[in-house]
Ligand SMILES: [Zn+2]
Ligand SMILES: [Zn+2]
């Protein structure tokens with residue numbers, strides 16, 4: 001409550017401005033005003049089962065905005081069940097996320113989570129666990145925080161620290177590697193505790209590129225007995 005009063009008070013004295021049009025933001029807005037938000041690179045057409053981006057042309061053939069299955073995941077279904085993607089990994093989201101991750105500007109990560117909530121409003125109560133993809137201890141020490149956890153806090157509007165999915169091995173950054181190397185690089189890096197038996201899990205990650213990390217984490221969760229694993233992605237590369 002106090003936190004809310006303080007932030008509203010601060011917002012009144014120093015209103016944040018929309019990064020695009022510089023108009024003052026309303027308390028429920030984050031980073032961008034509502035009209036600029038609609039001009040951001042939103043992820044409009046993707047396979048909701050595996051997260052593959054689809055050409056906008058496909059939308060002419062499929063009346064629905066999102067496909068339930070694409071040809072790729074019909075052949076080789078992913079270990080997760082549904083994917084929800086807010087943005088394409090393009091500017092200005094790309095630059096903001098870069099600042100959040102490498103510029104120690106962790107407030108931006110929280111604000112991106114709030115912004116994401118405006119695009120995808122999932123019924124989070126339907127999940128037993130809502131978790132960020134964990135970082136290794138070494139990476140956490142280097143960066144000082146897990147950006148995906150801060151995005152999640154912004155998204156949920158509350159802090160819920162949970163340590164039931166862990167990253168037990170340190171691996172090289174996926175961005176340095178090719179597709180095949182990425183799969184090898186994250187093999188066995190996650191460890192899920194026993195609490196996942198028959199549970200529904202929502203897993204949040206900042207960027208999905210090949211999806212290798214998210215596949216590995218989902219596999220581990222299913223192995224631990226999770227009934228359902230859905231992914232919530234800030235940006236799709
Ligand atoms: Zn604006
Ligand atoms: Zn698919």
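No value in this document is a laboratory result; all are computed from the given coordinates. Nothing here was measured: the structure is a model prediction, and the numbers come from that model. Cβ coordinates were reconstructed from backbone atoms using ideal geometry, including for glycine residues, and neighbour counts include every protein chain displayed.
Before moving on, here are some points about what is shown:
- Residues located in region 83-108, provided they are crowded, with 18+ Cβ neighbours inside 10 Å and either within 16 Å of ligand 2 (Cβ to nearest atom) or assigned to a loop (DSSP other than H, G, I, E, B) (or both): 83, 84, 85, 89
- Test: residue in region 68-77 that is touching a strand residue (DSSP E or B) at 6+ places or on another chain (Cβ under 7 Å), surrounded by 15 or more Cβ atoms within 10 Å (Cβ to Cβ) and more than 25 Å from residue 36 (Cα to Cα): yes
- Residue in region 153-167 that is at positive phi, exposed (fewer than 15 other Cβ atoms within 10 Å of the Cβ) and not in a helix (DSSP H, G or I) present: yes
- Residue count for region 20-45 under the criterion of being within 13 Å of residue 92 (Cα to Cα), outside any loop (DSSP other than H, G, I, E, B) and free of Cβ contacts under 8 Å to residues at least 60 places away in the same chain: the result is 1.
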